[in-house]
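Notes for the one structure printed next.
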Amino acid sequence: MAQLPTVGVVGATGYSGAIAARLLAAHPGFTLAFCTSDAAAGAAVSARLGFASDLAFVPNAEAPRMALAVDAVVLATPAEASARLAPAMLEARKVVVDLSGAFRLGEPARYPTWYGFTHPSPALLDRAHYGLPELFGAPSRAPDGSALVASPGCYPTASLLALAPLLREGLIEPRGIIVDAKSGVTGAGRQAKEEYSFAEVDEDVRAYKLLAHQHTPEIARGLAAAGGVAEGQVQVTFTPHLLPVRRGILATCYARPRPGVTSGAVAACLAEAYRGSAFVKVAPPEAITLGAVVGTNEARVGAVANGDVVVSMASIDNLLKGAAGQALQSLNLLFGLDERLGLAQLQRISP
């Protein structure tokens with residue numbers, strides 16, 4: 001029997017990294033080879049992540065060395081750390097799937113503004129494949145066998161699935177787009193800050209990073225690329241909100257319709273765009289809920305229109321289709337596996 005491809009997870013005790021490790025440990029087509037974490041270094045992976053494993057966490061500093069012995073690496077690390085780690089792994093001919101924003105924005109000049117650091121490897125930005133298969137296709141490997149996938153952010157995943165087909169088919173204007181999106185608390189990552197504590201979040205909803213969220217240029221860039229228009233033509237106002245729930249993203253997107261566009265036209269456009277999709281399901285907007293998708297790698301999308309506005313909605317699990325699940329989707333495709341493998345069996349958390 002052929003040996004299964006081996007995968008390591010760097011940053012495996014964060015929310016997305018932990019789920020990536022769990023998915024890989026249960027996957028019939030991969031072997032989970034290592035997990036790194038400074039917070040849990042030396043501890044048993046089984047005790048911390050809740051699945052049977054003989055592995056122990058190794059410190060993050062060991063990631064470059066550990067990566068030499070595997071076929072692929074999932075980077076569940078902050079953007080600046082991913083930007084430092086990926087080049088050596090690619091030089092070693094590894095497949096790298098990055099869950100951060102380190103390789104999503106295309107232009108190195110954007111990183112000081114939106115991520116607060118100067119990009120150390122700007123040449124890799126053009127090489128990175130934006131890992132949203134439903135809109136950008138399957139990633140591919142370089143001739144040396146390496147690959148770099150910039151797995152999309154959770155908010156951009158929902159926003160692009162809702163809007164990109166409508167823009168591509170000329171049903172909406174590229175300017176004046178508004179994305180009003182709401183996320184569960186895990187979208188902020190595992191951090192011990194007062195504003196994310198139970199007492200601060202429970203029974204409350206608030207907006208944050210107004211006009212300054214790092215996913216804003218990613219949404220605009222993704223819309224331009226998937227919609228077939230120049231990036232300078234796309235104008236997006238993005239406002240994220242924090243919900244008092246653990247998981248899920250609900251994006252309500254507003255756009256100006258082109259003359260004569262109807263509800264039937266936008267609904268038909270989404271249905272055609274995702275016909276045969278393994279994970280994106282088109283539904284009436286009223287059925288676009290967190291409960292329909294949380295716990296799965298699915299997305300629900302739906303749209304309506306009148307003479308003045310198109311409203312297109314999407315819901316996803318921010319930790320699965322918005323992070324670890326989508327990363328595994330890309331890994332499946334890179335290794336010639338069915339994109340549903342290890343993901344189709346996931347069950348909704350809510351009824």
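The values are calculated or read from the model by the stated rules, or taken from the named source; none is laboratory data. Bear in mind the structure is a predicted one, so any value in this text is a computation, not a measurement. Using ideal geometry, Cβ is built from the backbone for each residue, glycine included, and neighbour counts are taken over all protein chains shown. Accessible surface areas use protein heavy atoms only, side chains included; no ligands, DNA or RNA. Shrake-Rupley method; radii C 1.70, N 1.55, O 1.52, S 1.80 Å.
The single condition among (1) assigned to a strand (DSSP E or B); (2) closer than 12 Å to I249 by Cβ; (3) of a type in the set (G, A, S) that G322 does not satisfy is (1). Tallying residues that are outside any helix (DSSP H, G or I) and closer than 23 Å to L334 by Cα within the stretch 37-82 yields 10.
Of all residues in the stretch 332-345, those that are surrounded by 17 or more Cβ atoms within 10 Å (Cβ to Cβ), at negative phi and in a loop (DSSP other than H, G, I, E, B) total 5. Applying the criterion of being touching a Pro at 6+ places or on another chain (Cβ under 7 Å) and open to solvent by 10 Å² or more (accessible area, probe 1.4 Å) to the residues of the stretch 69-84, the residue that is farthest from A20 (Cα to Cα) is R84.
In the stretch 205-214 there is no residue matching the filter, namely being in a helix (DSSP H, G or I), open to solvent by 10 Å² or more (accessible area, probe 1.4 Å) and among the charged types (D, E, K, R). Across the stretch 272-288, what is the number of residues that are surrounded by 13 or more Cβ atoms within 10 Å (Cβ to Cβ) and either under 19 Å from E169 (Cβ atoms) or not β-branched (V, I, T) (or both)? Residues meeting the conditions: 11. Residue pairs whose Cβ atoms lie under 8 Å apart, sitting 6 or more positions apart in sequence or on different chains, and linking a residue in the stretch 105-129 that is in contact (Cβ under 8 Å) with a residue 60 or more places away in the chain and on the phi > 0 side of the Ramachandran plot to a partner that is assigned to a loop (DSSP other than H, G, I, E, B) and surrounded by fewer than 12 Cβ atoms within 10 Å (Cβ to Cβ), are G106/D126. Against the conditions (1) over 18 Å from P28 (Cα atoms); (2) open to solvent by less than 10 Å² (accessible area, probe 1.4 Å); (3) touching a helix residue (DSSP H, G or I) at 6+ places or on another chain (Cβ under 8 Å), L328 satisfies every one except (1).
Yes or no, residue by residue, for (1) surrounded by fewer than 24 Cβ atoms within 10 Å (Cβ to Cβ); (2) under 16 Å from D71 (Cβ atoms):
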site	(1), (2)
Q3	yes, yes
V7	no, yes
A12	no, no
G17	no, no
L24	no, yes
P28	yes, yes
T31	yes, yes
C35	no, yes
A39	yes, no
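Of the residues making up the stretch 224-261, those that are outside any strand (DSSP E or B) and polar (S, T, N, Q) are Q233, Q235.
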